[in-house]
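See below for the structure under consideration.
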């Protein structure tokens with residue numbers, strides 16, 4: 001004989017909903033992170049030296065902040081680099097005071113930010129035919145552990161891809177990089 | 001000195017035998033159904049026994065046992081996600097308490113897995129025998145007196161032994177075959193169990209009957225305790241997930257989820273069945289049908305009743321088959337782990353070169369399961385005998401797991417714990433470290449200890465056969481360790497840190513591995529020593 005009871009129906013709904021909720025929660029998994037991505041900045045190896053290419057853009061200042069925080073309690077040593085790209089039509093050691101002054105201001109801003117986070121910072125103002133190559137050269141000489149590049153979306157090409165600088169660094173950098 | 005070129009003879013270098021490892025194959029659903037297959041089958045055996053003992057108080061007995069089970073489950077969740085290896089409770093006790101206690105926990109859990117093989121094979125073939133009358137066969141025609149043992153059902157015994165041999169063959173072939181079986185049948189059984197509870201509540205449930213039985217048929221304390229100790233049987237088997245941990249993909253991520261999901265789904269199902277049951281039938285009828293309580297309950301649901309008999313019999317047979325399968329796997333993996341850590345002989349450590357399964361262990365404990373089953377068939381009640389032993393092994397093993405969990409918080413705080421048992425009290429040590437003392441684990445230890453004591457007091461066969469099993473196993477342990485020049489009461493020196501790194505690497509838990517190494521480096525820096533983990 002069928003016996004419909006409102007409490008029974010309510011319990012059945014609660015029962016079914018509880019189980020459905022549990023299975024839904026169980027089956028929602030986060031995606032797998034590959035080993036290289038899983039190696040967090042606070043690695044057991046530490047990141048004692050990080051290079052940050054500096055420009056007058058806010059994005060490079062934010063990159064300095066990020067680099068300082070990557071140490072996870074152990075402030076890294078920063079290497080701040082501004083590369084003045086010298087056109088092929090000029091000598092490499094040609095004086096470019098306006099560009100040099102802009103570079104010095106950017107580097108000084110980077111150093112102030114680093115000091116605020118308790119990080120030591122060395123600065124380089126480099127003349128080079130190619131900005132990416134200049135950055136990599138300094139990275140090699142300083143044996144940096146990582147390069148942190150700040151890039152504003154607004155400054156990217158219209159296609160939305162990363163700038164040429166970013167692409168070149170990705171292709172040629174020997175160490176780790178975060179973009 | 002003039003150099004003379006000499007043609008060196010070609011030397012055939014024999015291929016060095018590489019140690020063969022277990023392969024990772026179990027998915028998230030596979031991990032869940034592996035545990036469910038073991039735990040979900042328990043209700044088919046326990047429902048009638050618990051209601052028959054605890055009477056109108058059966059929902060409370062299930063609830064209290066369920067609460068203890070939740071704490072057991074949370075403890076296993078923390079440990080199996082932190083240490084995703086095959087050993088389960090044995091491994092945790094080994095790490096937390098040392099070799100002797102690791103062996104003791106292993107022996108207790110081995111008893112359980114072996115009983116699991118026999119108990120659920122017996123129950124499964126019992127449900128299969130439901131269909132014999134349709135073939136004109138009557139089971140009672142096959143009862144014979146064998147020497148001093150009257151009433152031995154040789155047909156049922158033969159079916160059970162055949163099933164255990166078939167399960168052993170399946171597991172030697174490999175985990176994939178066995179996991180696939182679990183996943184498909186587990187899904188079907190889950191749907192069926194949920195349907196019985198839902199339709200029972202909607203179409204036949206009477207809250208007045210439940211309330212009447214609660215108030216007028218609540219048992220005396222000793223009867224209730226007996227029912228409570230039986231109720232824990234309906235939750236045993238969660239550690240199956242940890243047994244498959246070494247073979248589960250992304251164990252640190254998956255195992256906490258599947259363990260917690262299993263804990264609460266089984267708890268909800270057990271409560272559902274007991275509440276539905278006592279709201280449809282008086283408790284006396286469950287006692288009269290304790291061999292097939294779920295089928296009997298289903299047959300009283302309107303519209304479903306007409307097909308409920310064969311439907312529930314098929315359901316019971318399949319899930320009990322899975323549970324017996326899980327016992328085969330669990331026993332073999334456990335003994336594999338014990339052999340690896342030199343708690344038992346290396347013969348058990350052998351991995352089949354083609355199937356990459358612990359074939360020796362599977363073979364050995366398949367036969368031990370058959371032996372125990374045959375012995376149980378010689379006693380007056382085969383199910384009661386096996387259930388008694390099941391309760392003994394489970395509660396002893398769980399006690400050691402709780403103690404290990406607490407101790408490992410002190411001795412191994414550096415291993416990342418993707419899941420941590422909640423409700424912790426911080427305790428500052430003399431060296432300045434703060435250790436989180438798990439309050440729930442302490443409560444769980446008290447709870448399972450009370451059940452263990454109840455089992456010893458109330459289960460006649462359990463209090464004799466259980467300790468006898470342990471004594472035999474400990475005698476073997478002493479003999480093996482002495483024969484191999486290993487300490488009997490002491491520990492074999494082990495590099496647990498390297499072991500943990502290897503485990504995490506094998507499990508592809510790279511984030512946890514980095515976290516672990518960082519913790520070790522920080523510890524070494526604090527101690528003023530150069531860390532071997534820096535730069536690795």
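The values are calculated or read from the model by the stated rules, or taken from the named source; none is laboratory data. All figures in this text were calculated on a predicted structure; none of them were measured in a lab. Cβ coordinates were reconstructed from backbone atoms using ideal geometry, including for glycine residues, and neighbour counts include every protein chain displayed.
For the structure I just gave you, tell me whether residue B:132 is more than 22 Å from residue B:437 (Cα to Cα), modelled with pLDDT under 85 and crowded, with 20+ Cβ neighbours inside 10 Å.
Values: more than 22 Å from residue B:437 (Cα to Cα): yes; modelled with pLDDT under 85: yes; crowded, with 20+ Cβ neighbours inside 10 Å: no.
It is false that residue B:132 is more than 22 Å from residue B:437 (Cα to Cα), modelled with pLDDT under 85 and crowded, with 20+ Cβ neighbours inside 10 Å.
Does segment B:18-29 include one or more residues that are at pLDDT 85 or above and away from chain A (no Cβ under 14 Å)?
Taking every residue of segment B:18-29 in turn, none turns out to be at pLDDT 85 or above and away from chain A (no Cβ under 14 Å).
Can you name the number of the only condition in (1) out of contact with any helix residue (DSSP H, G or I) (no Cβ under 9 Å at 6 or more places or on another chain); (2) part of a loop (DSSP other than H, G, I, E, B); (3) closer than 30 Å to residue B:203 by Cα that residue B:306 fails?
Among (1) out of contact with any helix residue (DSSP H, G or I) (no Cβ under 9 Å at 6 or more places or on another chain); (2) part of a loop (DSSP other than H, G, I, E, B); (3) closer than 30 Å to residue B:203 by Cα, residue B:306 violates only (2).
Tell me, which helices (runs of 4 or more DSSP H) wholly within segment A:79-179 include 1 or more residues that are at pLDDT 85 or above? Steps first, answer last, please.
On the way: elements: A:97-116, A:131-142, A:164-172.
Here the list reads A:97-116, A:131-142.
Would you please name the residue that is surrounded by the most Cβ atoms within 10 Å (Cβ to Cβ), looking only at residues in segment B:362-400 that are free of Cβ contacts under 8 Å to residues at least 24 places away in the same chain and in a helix (DSSP H, G or I)? Reasoning before the result, please.
In the first step, residues of segment B:362-400 are kept if they are free of Cβ contacts under 8 Å to residues at least 24 places away in the same chain; the result is B:367, B:371, B:375, B:381.
Filter once more, keeping what is in a helix (DSSP H, G or I): B:367, B:371, B:375.
Working: B:367: 13, B:371: 13, B:375: 15.
Once the filter is applied, the top-ranked residue is B:375.
Considering (1) without any contact (Cβ under 8 Å) to a residue 60 or more places away in the chain; (2) over 30 Å from residue B:81 (Cβ atoms), say which one residue B:268 fails and leave the rest.
(2)
Among B:435, B:421, B:425, which is the only one that is surrounded by fewer than 18 Cβ atoms within 10 Å (Cβ to Cβ) and modelled with pLDDT of 90 or more? Step through it out loud before you land on a result.
Details: B:435 fails: modelled with pLDDT of 90 or more; B:421 fails: surrounded by fewer than 18 Cβ atoms within 10 Å (Cβ to Cβ).
Going through B:435, B:421, B:425 in turn, the sole match is B:425.
Name every residue in segment A:5-29 that is more than 7 Å from every other protein chain (Cβ to nearest Cβ) and over 42 Å from the mean Cα position of the chain (by Cα), in order of residue number.
A:6, A:10, A:13, A:14, A:17
Looking only at residues that are in contact with a helix residue (DSSP H, G or I) (Cβ under 7 Å, 6 or more places away or on another chain) and facing another protein chain (nearest Cβ under 7 Å) in segment A:31-59, which one is modelled with the lowest pLDDT?
Taking the candidates together, the pick is A:44.
Suppose the filter is modelled with pLDDT of 75 or more and within 12 Å of chain A (Cβ to nearest Cβ); does residue B:261 pass it? It would help to see each step written out before you state the result.
Values: modelled with pLDDT of 75 or more: yes; within 12 Å of chain A (Cβ to nearest Cβ): yes.
So residue B:261 passes the test.
Sort out which residues of segment B:498-536 are within 21 Å of residue B:251 (Cβ to Cβ), without any contact (Cβ under 8 Å) to a residue 40 or more places away in the chain and surrounded by fewer than 17 Cβ atoms within 10 Å (Cβ to Cβ), and write them in order of number.
Across segment B:498-536, the qualifying residues are B:498, B:499, B:502, B:505.
Going by the conditions given, is residue B:59 in a helix (DSSP H, G or I) and free of Cβ contacts under 8 Å to residues at least 40 places away in the same chain?
Working: in a helix (DSSP H, G or I): yes; free of Cβ contacts under 8 Å to residues at least 40 places away in the same chain: no.
It is false that residue B:59 is in a helix (DSSP H, G or I) and free of Cβ contacts under 8 Å to residues at least 40 places away in the same chain.
Given B:403, B:351, which one is in contact (Cβ under 8 Å) with a residue 40 or more places away in the chain, outside any loop (DSSP other than H, G, I, E, B) and surrounded by fewer than 21 Cβ atoms within 10 Å (Cβ to Cβ)? Quick ask: steps written out before the conclusion?
On the way: B:351 fails: outside any loop (DSSP other than H, G, I, E, B).
After applying the criteria, what remains is B:403.
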